[in-house]
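Participant: Have a look at this one.
The values are calculated or read from the model by the stated rules, or taken from the named source; none is laboratory data. Because the structure is predicted, anything quoted here is derived from the model rather than measured. Neighbour counts run over all protein chains shown; Cβ positions are idealised from the backbone, glycine included.
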Amino acid sequence: MKKIILFLVIISIVAISCKKSSKTEDAEILVEAYGDVLTRNQLNAAIPKNLSTKDSTAFAKMYIENWLAERLIFNFAKEKIKDTIEIHKKVEDYRRSLYVSKYEKDFIYSQVDEKVSVEEIEKYYNNHLNDYVLSNTYVKAFYLTMNADINVYYEVLNKVSTSGLKDKKALIEYCVGADREVFFFEEFIELREFLSIINYKGNFDDADLLSRNVLDFVVDKKRYIVKFDEYYIKGQVMPFELAKPLIYKKIINKRRETERTKFVSELMNNAKELGKIKYYYDKKN
């Protein structure tokens, strides 16, 4: 009976959550445990958007149960575990890290210019090629599917073999009205991931890729003809296309660190002048 009541409450919450807007309704308490409360507004904010009514109901039920479980265990643990210096220190350390992290994000890093020119990224890439060596093999490819019962398909095989990603429009037109489909991977994808997507169960590794760029196999009465248009093997220097976002992030992080170092230096000088910093050891040693 309790489960049925809880389920009906959750259904009600999800069904009318979009209609509630006043402060009184938003603050409506749904459940309380040892003085801690969960309001309708808090629950609504936690439910991911674009969920179906069924999924929202399931999520709300799980959220309330987890919320209660956490408070119940916490209350029980407080009775069994006394506050210690270790716990106080961890709480204070976490509190301090939250303050530092939020200030860095909102006030220090927000001052950093996050516009990076392609020229700057290319210069960094060319000066640090050894830092961007592939640990996996990446490919650009496309594949065509057709009925596996068709035994004579040499024309199709030849069409795929002699085409490339640059021929995307022609390949699409080639499939129209012919019970064929074509799919394109125009951005680099890791070879293993690509083979998994196309349901290839055989053995195909870097050596095979170097010796042939077309793969032909059948899965569930459907023939797959794959063309590897471009590839970079494990151990080779990463193509600029893959390295670009990594380098952008590295440059931004470097700018952030520079801004932070500058800010900390200013704080350090001010604190020393005010006598807020005292060293109890010989800094020279």
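Participant: Looking only at region 161-172, decide whether some residue is under 15 Å from Thr137 (Cα atoms) and either loosely packed, with under 12 Cβ neighbours inside 10 Å or touching a residue at least 40 places away in the same chain (Cβ under 8 Å) (or both). I'd like the intermediate steps shown before the answer.
Facilitator: Looking only at region 161-172, we keep the residues that are under 15 Å from Thr137 (Cα atoms), and these are none.
No.
Participant: Give the residues of region 72-89 that are surrounded by 10 or more Cβ atoms within 10 Å (Cβ to Cβ), of a type in the set (A, V, I, L, M) and more than 18 Å from Glu32 (Cα to Cα), sorted by residue number.
Facilitator: Initially, region 72-89 is screened for residues surrounded by 10 or more Cβ atoms within 10 Å (Cβ to Cβ), giving 72-76, 78, 87-89.
Subset that is of a type in the set (A, V, I, L, M): 72-73, 87.
Ile87 - this is the single residue of region 72-89 that is surrounded by 10 or more Cβ atoms within 10 Å (Cβ to Cβ), of a type in the set (A, V, I, L, M) and more than 18 Å from Glu32 (Cα to Cα).
Participant: Regarding Ile252, is this residue touching a helix residue (DSSP H, G or I) at 6+ places or on another chain (Cβ under 7 Å), assigned to a helix (DSSP H, G or I) and not basic (Lys, Arg)?
Facilitator: Values: touching a helix residue (DSSP H, G or I) at 6+ places or on another chain (Cβ under 7 Å): no; assigned to a helix (DSSP H, G or I): yes; not basic (Lys, Arg): yes.
Spelling it out, it is not the case that Ile252 is touching a helix residue (DSSP H, G or I) at 6+ places or on another chain (Cβ under 7 Å), assigned to a helix (DSSP H, G or I) and not basic (Lys, Arg).
Participant: Hey, can you tell me all the residues within region 104-134 that are among the hydroxyl-bearing types (Ser, Thr, Tyr) and either under 27 Å from Phe240 (Cα atoms) or more than 24 Å from the chain's Cα centre (by Cα) (or both)?
Facilitator: From region 104-134, those among the hydroxyl-bearing types (Ser, Thr, Tyr) are 109-110, 117, 124-125, 132; that's our starting set.
Across region 104-134, the qualifying residues are Tyr109, Ser117, Tyr124, Tyr125, Tyr132.
Participant: Yes or no: region 75-85 includes at least one residue that is within 30 Å of Thr258 (Cβ to Cβ) and among the polar types (S, T, N, Q).
Facilitator: Applying the first criterion (within 30 Å of Thr258 (Cβ to Cβ)) to region 75-85 yields none.
Taking every residue of region 75-85 in turn, none turns out to be within 30 Å of Thr258 (Cβ to Cβ) and among the polar types (S, T, N, Q).
Participant: Next up: Being of a type in the set (Val, Ile, Thr) and either in the same structural domain as Val31 (by TED's automatic domain parsing) or under 22 Å from Phe188 (Cβ atoms) (or both) is true for just one of Ile108, Ile121. Which residue is that? Spell out the reasoning first.
Facilitator: Values: Ile108 fails: either in the same structural domain as Val31 (by TED's automatic domain parsing) or under 22 Å from Phe188 (Cβ atoms) (or both).
The conditions single out Ile121.
Participant: Now for a separate question. Can you tell me which residue within region 161-193, out of those that are part of a loop (DSSP other than H, G, I, E, B) and more than 34 Å from the chain's Cα centre (by Cα), is nearest to Asp208 (Cα to Cα)? Lay out the reasoning, then the answer.
Facilitator: Initial filter on region 161-193 (part of a loop (DSSP other than H, G, I, E, B)): 162-164, 176-180.
Checking which are more than 34 Å from the chain's Cα centre (by Cα) leaves us with 162, 176-179.
Details: Thr162: 19, Val176: 31, Gly177: 33, Ala178: 30, Asp179: 29 Å.
Checking each candidate, the answer is Thr162.
Participant: Which ones in region 135-160 are within 26 Å of the chain's Cα centre (by Cα) and surrounded by fewer than 18 Cβ atoms within 10 Å (Cβ to Cβ)?
Facilitator: Filtering region 135-160 down to residues within 26 Å of the chain's Cα centre (by Cα) leaves 135-142.
Once the filter is applied, which keeps residues that are within 26 Å of the chain's Cα centre (by Cα) and surrounded by fewer than 18 Cβ atoms within 10 Å (Cβ to Cβ), region 135-160 yields Ser135, Asn136.
Participant: Here is a list: Asp208, Asp179. Which entry is on the phi > 0 side of the Ramachandran plot and of a type outside the set (Lys, Arg)? Write out each step before concluding.
Facilitator: Numbers: Asp208 fails: on the phi > 0 side of the Ramachandran plot.
Checking each option against the conditions leaves just Asp179.
Participant: Return yes or no: is Asp83 part of a loop (DSSP other than H, G, I, E, B), closer than 30 Å to Leu242 by Cα, of a type outside the set (Phe, Trp, Tyr) and over 23 Å from the mean Cα position of the chain (by Cα)? Can you show your working first?
Facilitator: Values: part of a loop (DSSP other than H, G, I, E, B): yes; closer than 30 Å to Leu242 by Cα: no; of a type outside the set (Phe, Trp, Tyr): yes; over 23 Å from the mean Cα position of the chain (by Cα): yes.
For Asp83, the condition - part of a loop (DSSP other than H, G, I, E, B), closer than 30 Å to Leu242 by Cα, of a type outside the set (Phe, Trp, Tyr) and over 23 Å from the mean Cα position of the chain (by Cα) - is not met.
Participant: Hey, among the residues in region 173-182 that are without any contact (Cβ under 8 Å) to a residue 24 or more places away in the chain and not aliphatic (A, V, I, L, M), which one's surrounded by the most Cβ atoms within 10 Å (Cβ to Cβ)?
Facilitator: Tyr174
Participant: Just for region 191-221: of the residues that are basic (Lys, Arg) and within 22 Å of Tyr154 (Cα to Cα), which one is surrounded by the most Cβ atoms within 10 Å (Cβ to Cβ)? Working first, answer last.
Facilitator: Step one: filter region 191-221 for residues basic (Lys, Arg), giving 192, 201, 212, 221.
Next cut, within 22 Å of Tyr154 (Cα to Cα) only: 212, 221.
Details: Arg212: 11, Lys221: 8.
Taking the candidates together, the pick is Arg212.
Participant: Something else about it: Please go through (1) more than 31 Å from the chain's Cα centre (by Cα); (2) part of a helix (DSSP H, G or I); (3) of a type in the set (S, T, N, Q) for Ser196 and return the number of the only condition it doesn't satisfy.
Facilitator: (1)
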